[in-house]
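Coordinate-derived values only; no laboratory data. What you see is a predicted model, and the numbers here were worked out from it, not measured in a lab. Here Cβ is always computed from backbone atoms with ideal geometry, including for glycine, and neighbour counts include all displayed protein chains.
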Amino acid sequence: SLMDPERPKMPPNAFTMFVAESCAKSGASAAKESQKLAPTWKAMSAEARAPYVERHAAEARRYEEQLARYRASGREAFWKTMLQPHLAGDAPADAAPKKAPADPERPTRPA
């Protein structure tokens, strides 16, 4: 992957936290559970959602602090300089070779 493994991960949103809590209780998969719980979440009052929204806000503040420390460390700038050749299409010689274009003279499959 072309991502820095030390970069802080974004926190889950309030709905995702709600689904994760439900999955922990029931043991169901998050994909199936989220489809079932979406109408429940939409019908919930602001007071019922508040614990999840507050947890998300706290995690978002913590993420912003971690991200600021990460950026101040110079790691983000380092990774951007490392990725620049890949993003510009000027990858180093030891990078994975690109697939050759298809031969236009290649015979086609009969219909």
Local electrostatic count at E33 - Lys and Arg +1, Asp and Glu -1, tallied over other residues with Cβ under 11 Å:
+2
Give the aspartates and glutamates whose C-alpha is closer than 14 Å to that of K36, dropping any in the same chain fewer than 8 places away, or say none.
E21
Which residues in region 6-34 have a backbone N closer than 11 Å to a point placed 7 Å from the Cα of E76 along the Cα-to-Cβ line?
8
